[in-house]
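The values are calculated or read from the model by the stated rules, or taken from the named source; none is laboratory data. All figures in this text were calculated on a predicted structure; none of them were measured in a lab. With ideal geometry, Cβ positions are generated from the backbone for all residues, glycine too; neighbour counts draw on all protein chains shown. Each accessible area value is taken on the protein alone, full model and side chains, heavy atoms only, with ligands, DNA and RNA left out. Shrake-Rupley method; radii C 1.70, N 1.55, O 1.52, S 1.80 Å.
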Amino acid sequence: MEKLEEQKRSEKKSEILLEVKNLKKYFPIKAGVFKRTVGWVKAVDDISFFIRKGETLGLVGESGCGKTTTGQTILRLIEPTAGSVHYNGVDLLSLSKRKMKKYRPKLQVIFQDPYSSLDPRMRAKDIIAEGLKSAHIGSRKERYEMVKKYMDRVGLSPLYMNRFPHEFSGGQRQRIGIARALILNPELIVCDEAVSALDVSIQAQILNLLDDLQKDFNLTYLFIAHDLSVVKHISDRIVVMYLGKIVEIANKHELFINPLHPYTKALLSANPIPDPTVKRKDRIILQGDVPSPANPPSGCRFHPRCWMAKPICSQKEPPLNEVQPDHYVACHFWKEMIEQNG
Ligand code: SF4
């Protein structure tokens, strides 16, 4: 019976739920008294990827690489500059605001900071029921029963439903955020640094809760984080971003064993190992700072910091190609990297 369930889950995982193509988000730089546009910050610059039904896709990279902008653009919390986002075959970016409303319950978000993402003047029950109310779902009594049920499901006592956010701990507030997303019966949840602001022990509890909810409610996650060990724990596949571009996509095991982009390799080498007495021999220290997305380097954006760079790297942008089954990389010298990995 368990095997059958497992098979059903893996068959479902092969179906594509969300497909992002050539997505761009540029923010204007304004200057002068007339606030003229003098340039553009290319926060997300022509990225493409997909998410399969029932999987967790991790999205990692340093601060400012465009992870959060990607999540917000997919959900149309901010409007993109160009590209398409197909959800179950429907291009969300071509929908009018009114038509988009129909899809909002199915596409939910859990924010980074449970301290600021909840309205301090609202009671927990009203925060959780807010989405139901604006989507005109259920009577007052039905909404009350649903709030009770979902509070219980995320590990919060319904006895606390009349409390205000400041009366909860950080972990409890994040559970309110999860209940608020879950109550709308979503299909995709964007978890934007959902555990980054929490203590390590609370992080583990929330990650386990997200894991359980995924199985029970057939959820698909886009899990945005900068902490690779957290992403490794929860993700099926991982997307690595650098300066607004995707540099590598692979299954999490493949990515950790056989990284094919020098930036991924550097990120992995910075990941702490459990035994602090063991000195890391493979640590790669990147030189220089992350360049400005308003003026990104020519060719491969990583070339000023890459120890494998050759003249072609500053002249020609490497495309993101599938170089092994389900393993995509944007580097001219991925074959050399395979040799290095042994
Ligand atoms: Fe480094 Fe060149 Fe590969 Fe870019 S294309 S990651 S600069 S080797």
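Structure notes:
- When residues of the range 305-342 are limited to those that are basic (Lys, Arg) and in a loop (DSSP other than H, G, I, E, B), the one nearest to the ligand (Cβ to nearest atom): LYS310
- SER94 vs. criteria at pLDDT 90 or above, within 23 Å of LEU198 (Cβ to Cβ) and of a type in the set (Gly, Ala, Ser): no
- In the range 239-264, residue nearest to LYS42 (Cα to Cα) [restricted to those that are in contact with a helix residue (DSSP H, G or I) (Cβ under 8 Å, 6 or more places away or on another chain), in a strand (DSSP E or B) and of a type in the set (A, V, I, L, M, F, W, C)]: MET241
- The selection criterion, being touching a residue at least 12 places away in the same chain (Cβ under 8 Å) and touching a strand residue (DSSP E or B) at 6+ places or on another chain (Cβ under 9 Å), holds for ASP326.
- Scanning the range 89-135 for residues that are in contact with a strand residue (DSSP E or B) (Cβ under 9 Å, 6 or more places away or on another chain) and of a type in the set (Ser, Thr, Tyr) gives SER94, TYR103, SER117.
The rows are residues; the columns are (1) open to solvent by less than 60 Å² (accessible area, probe 1.4 Å); (2) in a loop (DSSP other than H, G, I, E, B); (3) in contact with a Gly (Cβ under 8 Å, 6 or more places away or on another chain).
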residue	(1), (2), (3)
ARG121	no, yes, no
LEU132	yes, no, yes
TYR144	no, no, no
ASP152	no, no, no
LEU156	yes, yes, no
GLN172	yes, no, no
GLY177	yes, no, no
VAL190	yes, no, yes
SER196	yes, yes, no
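- Residue among ILE234, ILE202 that alone is within 21 Å of GLU15 (Cβ to Cβ) and modelled with pLDDT under 95: ILE234
- Residue match in the range 265-284 (condition: hydroxyl-bearing (Ser, Thr, Tyr), at pLDDT 95 or above and not in a loop (DSSP other than H, G, I, E, B)): no
- Filter pass, VAL290 being surrounded by 19 or more Cβ atoms within 10 Å (Cβ to Cβ) and either more than 9 Å from the ligand (Cβ to nearest atom) or modelled with pLDDT of 95 or more (or both): no
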